[in-house]
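In what follows, a single structure is set out as structure tokens and then discussed.
Every number here is computed from the coordinates shown, using simple stated rules; none is lab data. None of these values were measured; they are calculated from a predicted model. Positions of Cβ are generated from backbone atoms using ideal geometry, with glycine treated the same way; all protein chains shown enter the neighbour counts.
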Amino acid sequence: MTDLKVVKAEEGEIFDIELDENLLKANEEIANENMELLKKHNVLAIDVMGATGSGKTSLIEKLVESLKGKYTIAAFKGDLTTTIDAERIKKHGVVVVPISTGKECHLDANLVRKALQRIDLEKIDLLFIENVGNLICPSDFPLGSEKRIVVISVTEGPYMVIKHPFIFADADVAVINKKDLAQPMNVSIKKLEQDIYEINPNVKVVATNCRSGENVSQVIQALNL
Ligand SMILES: Nc1nc2c(ncn2[C@@H]2O[C@H](COP(=O)(O)OP(=O)(O)OP(=O)(O)O)[C@@H](O)[C@H]2O)c(=O)[nH]1
Ligand SMILES: [Mg+2]
């Protein structure tokens, strides 16, 4: 592939705290507890992960608009400090809990557990959890959600998928957003789709325009909602 000599991180040389095994194990245990709790109350939780600015909030807004007649919906929104997205989702008349991660580049199961204590789970059918915009860290931190959506958009260029394979491996639905900009960006949606299927043949891929709402109904179908 390349003649360039690559400097590689060997095992034991990666100092990133996210790779600390105890931390990941602790997170997984809490995620399992969250999942049990959600199941007990018949709440379907969906983790919406994806690149910064790819359209996660726009997608949730459209999903909420389409589904709020059928389900009672709540949303959690993880961000470093702001509540901008939480306010956007709240405008659609659903319960929203903003989660501030401080400096963390992803949500974790403990923060979600704290947020779960803020809502009446008996009154909720469907919970969207918008993760912090990031294609790397959230994949290591299950939250206890039953389904995972990954959102990328064509404006991030043609290599987003092959550069970030891990996040697609566990996804149920992959959304390629901003399809209206594919042509000016000179990005092939077909190629992005192929790249995703190569990583995860079981994922359902939908190309959307979350501004207009085009194909959001296909995302709903892909989620079996
Ligand atoms: N042209 C176009 N713009 C879009 C589309 N979807 C979202 N946008 C715009 O893209 C910008 C970012 O969208 P958001 O929904 O805030 O993205 P996000 O992934 O939630 O962003 P962060 O939470 O900040 O990571 C906004 O200006 C949206 O209006 C789309 O399909 N086409
Ligand atoms: Mg957002």
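Brief remarks on what is shown
- Cross-linked pairs K62/K90; K39/K91; K62/K191; K56/K178: Cα-Cα separations exceed 21 Å for K39/K91; K62/K191.
- Choice from I149, I84, I46 with maximal GNM fluctuation in the chain (Cα, 10 Å cutoff): I84
- Checked against a 26 Å cut-off, the cross-linked pairs K40/K70; K40/K147; K70/K163 give Cα-Cα distances beyond that limit for K70/K163.
- Whole-Hz Karplus values for the stretch 37-52 come out as 4, 5, 5, 4, 9, 6, 9, 8, 9, 10, 7, 9, 10, x, 5, 4 Hz, taken residue by residue from phi with 6.51 cos²θ - 1.76 cosθ + 1.60 and θ = phi - 60°; glycine and proline positions read x.
- Under a 5 Å amide H cut-off, with hydrogens placed 1.01 Å from N, A207 pairs with I176 among residues at least 5 apart or on other chains.
- In terms of overall dimensions, the chain has a Cα radius of gyration and Dmax of 17.5, 58 angstrom.
- For the stretch 117-172, projected area of the alpha-carbon convex hull averaged over all directions, nm²: 4.9 nm²
- Dividing the Cα radius of gyration of the stretch 55-100 by its Kirkwood radius returns 0.95 for Rg/Rh.
- Set of aspartates and glutamates near K77 by C-alpha distance (under 15 Å), chain-local residues within fewer than 8 positions excluded: D47, E61, D85, E87, E104, D108, E130
- If only the Cβ of Lys and Arg carry +1 and only the Cβ of Asp and Glu carry -1, the dipole of the stretch 71-225 around its Cα centre is close to 280 debye.
- In the chain, a dipole from Cβ-located charges (positive for Lys and Arg, negative for Asp and Glu) runs towards its positive end, and of S139, G93, H164 it is G93 whose Cα lies farthest in that direction.
- Inter-part distance where the stretch 40-57 and the stretch 153-225 are each reduced to a Cα centre, Å: 15 Å
- CD proxy at 222 nm, helix term only [per DSSP H run n ≥ 4: -39500 (n - 2.57); per residue of the chain; nearest 500]: -9500 deg cm²/dmol
- Of all DSSP-defined beta bridges confined to the stretch 72-225, some 5% are antiparallel rather than parallel.
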